[in-house]
Amino acid sequence: MPHSLPAIPAVRTFLPSHNTFSPQGTRVTESLVGALSFVPRFVASEAYEIELDAGEVVLRALDPAGLSHAKATWNQLKGQKHLPSGLIQDEPRFEWRGLMLDCVRHFFPVANLKTLLDRMATLKLNRFHWHLVDDQAWRLEIPALPRLTALSGEEFYSTAEVVEIVGYAASRGIVVVPEIELPGHSSAAIAAYPELSCTGESIEIPRTWGIFEQVYCASSEKAASILETVLEETCRLFPGPWVHIGGDEVIRKAWQACPRCQEKIRSESLAGERGLEEVFFQRFIAYLGARGKTAVGWNEMVEHNVPHSAVAQWWLHPDLAKKSLEAGNPLLSSNTEYCYFDYPYTPENSWYDEKYMKVIPVSKVYENPVVPPGCEHLAGGILGGEACLWTEHLKAGQENTRLDGRLEALAEVYWSFDARPGFPSFLNRARLLGLNGPSWQVQPPSQPGAGG
Ligand SMILES: [Zn+2]
């Protein structure tokens, strides 16, 4: 009965030994070992075990990440009055269990990020996807390109703060994945350095939300050289193996009107603006590859002919998710139906915008199948997934009003194997941990046309 232990995410296996004990004051030892009492089945690292006994509690893991998970589980258990003795054997289903935070639409101070990283560690989430640039601002200091952040006023992350966050995350088993959007969502960069665009005209940073027509020129060597300076510094600041380069919602209109871009299409016999976009991605993916980094992109990027190592993040378009998996690109499952936590829990939430948001109660998050429809035979290519918190409609300090319950539920989805303990068990464990708030029990709205 693995679910009888109050832990979120639920532990995979618990072998009880019929006694109970009081965890208060129990001696705890921890060690890294070469082998556990079980052979991890799917992911070699991050596995751990805990021996629970009256005299002593022993945490064992194969690597520091596993030990950090063992501690997270023990920290949840030790608050209980009584615990059953026995052996916990635990490991994740997916190796990538993340949270994306948009720090552009609204800025989040370093202190908020640290609190969020603490929360992620308690839920055994291990990737912080940091959305740092977009149309409305550029938040990452690039010392060689000071105008990028100058337009954001005080609200950007200095290189020293980035190093601080990356280190803080690493000590909690979390890898930071920076996102530098290319070639769209680029108004802020173009406002700072107009030579990044096809026309070179000065523009203002947009003060509204939406999808904008600004796009980096796909044929200018000057623009490419600026972008390489950005990526070089990004690779230096973020020691993790991945750099996210966006690639979503590209409007190719500017390229149609750019003589330079049109000449490149002709001289290289590219398939129009779409082909131009493809070689643009290929160039920067190769640039990152030469620096030992793997590119991640929203699933529109991986629709193009890109290396099979590039990771696709599925948000919309299940057909593109399927195409990525068939092409052999690893997939992150961030389906908007289950993973977009800026959407409301209930239609009554004040921030509900029915024009583009879906309603996602905690129970719905818990039912996330992760695997795109029709892709069950390709499920081995799924690397994991991420919760996405876009911040057009939320300020720093309000993040918990979007994450509570849903982040816990999604952590269990990505951690647990197919036989998840079930939503009633999840609610019960949340209650035992003192986590269960009013938003957790919101029922999914009835489907349109489902009677009544
Ligand atoms: Zn151009």
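Values for this structure:
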{"item": "Leading residue by the ranking (farthest from the ligand (Cβ to nearest atom)) among those in the stretch 142-161 that are assigned to a helix (DSSP H, G or I) and surrounded by fewer than 22 Cβ atoms within 10 Å (Cβ to Cβ)", "result": "A160"}
{"item": "Matching residues in the stretch 307-321 - criterion: being touching a helix residue (DSSP H, G or I) at 6+ places or on another chain (Cβ under 7 Å) and either of a type outside the set (G, A, S) or assigned to a loop (DSSP other than H, G, I, E, B) (or both)", "result": "P307, H308, A310, Q313, W314, W315, L316, H317, L320"}
{"item": "Residues being within 24 Å of K323 (Cα to Cα) and in contact with a strand residue (DSSP E or B) (Cβ under 6 Å, 6 or more places away or on another chain) - total across the stretch 336-380", "result": "3"}
{"item": "The stretch 101-113, residues that are assigned to a loop (DSSP other than H, G, I, E, B) and either out of contact with any Leu (no Cβ under 9 Å at 6 or more places or on another chain) or buried (at least 21 other Cβ atoms within 10 Å of the Cβ) (or both)", "result": "C103, V104, F107, F108, P109"}
{"item": "Single condition F280 does not satisfy, out of (1) closer than 30 Å to G380 by Cβ; (2) buried (at least 22 other Cβ atoms within 10 Å of the Cβ); (3) out of contact with any Ser or Thr (no Cβ under 7 Å at 6 or more places or on another chain)", "result": "(1)"}
{"item": "Answer from L394, L383 - the residue that is closer than 23 Å to A312 by Cβ and surrounded by fewer than 21 Cβ atoms within 10 Å (Cβ to Cβ)", "result": "L383"}
{"item": "Test: Y345 is of a type in the set (F, W, Y), in the same structural domain as G297 (by TED's automatic domain parsing) and at pLDDT 95 or above", "result": "yes"}
{"item": "Top-ranked residue in the stretch 288-304 [being crowded, with 19+ Cβ neighbours inside 10 Å and assigned to a helix (DSSP H, G or I); ranked as nearest to the chain's Cα centre (by Cα)]", "result": "N299"}
{"item": "A254 assigned by TED's automatic domain parsing to the domain that holds Y157, more than 10 Å from the ligand (Cβ to nearest atom) and of a type in the set (G, A, S)", "result": "no"}
{"item": "Hey, E232 touching a residue at least 40 places away in the same chain (Cβ under 8 Å), more than 16 Å from the ligand (Cβ to nearest atom), assigned by TED's automatic domain parsing to the domain that holds L101 and not in a loop (DSSP other than H, G, I, E, B) or not", "result": "yes"}
{"item": "Top-ranked residue of the stretch 181-199 - restricted to ones that are under 21 Å from P146 (Cα atoms) and part of a loop (DSSP other than H, G, I, E, B), ranked as nearest to the ligand (Cβ to nearest atom)", "result": "S197"}
{"item": "In the stretch 5-28, the residues that are out of contact with any helix residue (DSSP H, G or I) (no Cβ under 9 Å at 6 or more places or on another chain) and not β-branched (V, I, T)", "result": "L15, S17, H18, N19, F21, S22, Q24, G25, R27"}
{"item": "Tally of residues being under 15 Å from F281 (Cα atoms) and either in contact with a Leu (Cβ under 9 Å, 6 or more places away or on another chain) or β-branched (V, I, T) (or both) across the stretch 202-225", "result": "7"}
{"item": "Top-ranked residue in the stretch 354-369 [being part of a loop (DSSP other than H, G, I, E, B) and in contact (Cβ under 8 Å) with a residue 60 or more places away in the chain; ranked as surrounded by the most Cβ atoms within 10 Å (Cβ to Cβ)]", "result": "P361"}
{"item": "So P178, is it closer than 30 Å to L116 by Cα, surrounded by 21 or more Cβ atoms within 10 Å (Cβ to Cβ) and within 11 Å of the ligand (Cβ to nearest atom)", "result": "no"}
{"item": "Exclusive hit being within 11 Å of the ligand (Cβ to nearest atom) and either under 28 Å from S334 (Cα atoms) or not in a loop (DSSP other than H, G, I, E, B) (or both), set E277, E263, E249", "result": "E263"}
{"item": "In the stretch 75-100, the residues that are closer than 28 Å to V370 by Cα, in a strand (DSSP E or B) and not β-branched (V, I, T)", "result": "Q89, D90, W96, R97, G98, L99, M100"}
{"item": "Residues that are of a type in the set (A, V, I, L, M), more than 10 Å from the ligand (Cβ to nearest atom) and assigned to a loop (DSSP other than H, G, I, E, B), drawn from the stretch 200-228", "result": "I203, I205, I211"}
{"item": "Which listed residue, of P347, P330, P307, is in contact with a Pro (Cβ under 7 Å, 6 or more places away or on another chain) and either surrounded by 21 or more Cβ atoms within 10 Å (Cβ to Cβ) or of a type outside the set (K, R) (or both)", "result": "P347"}
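The values are calculated or read from the model by the stated rules, or taken from the named source; none is laboratory data. As the structure is a prediction and not an experimental result, all values here were calculated from the model. Backbone-built Cβ (ideal geometry, glycine too); neighbour counts: all protein chains shown.
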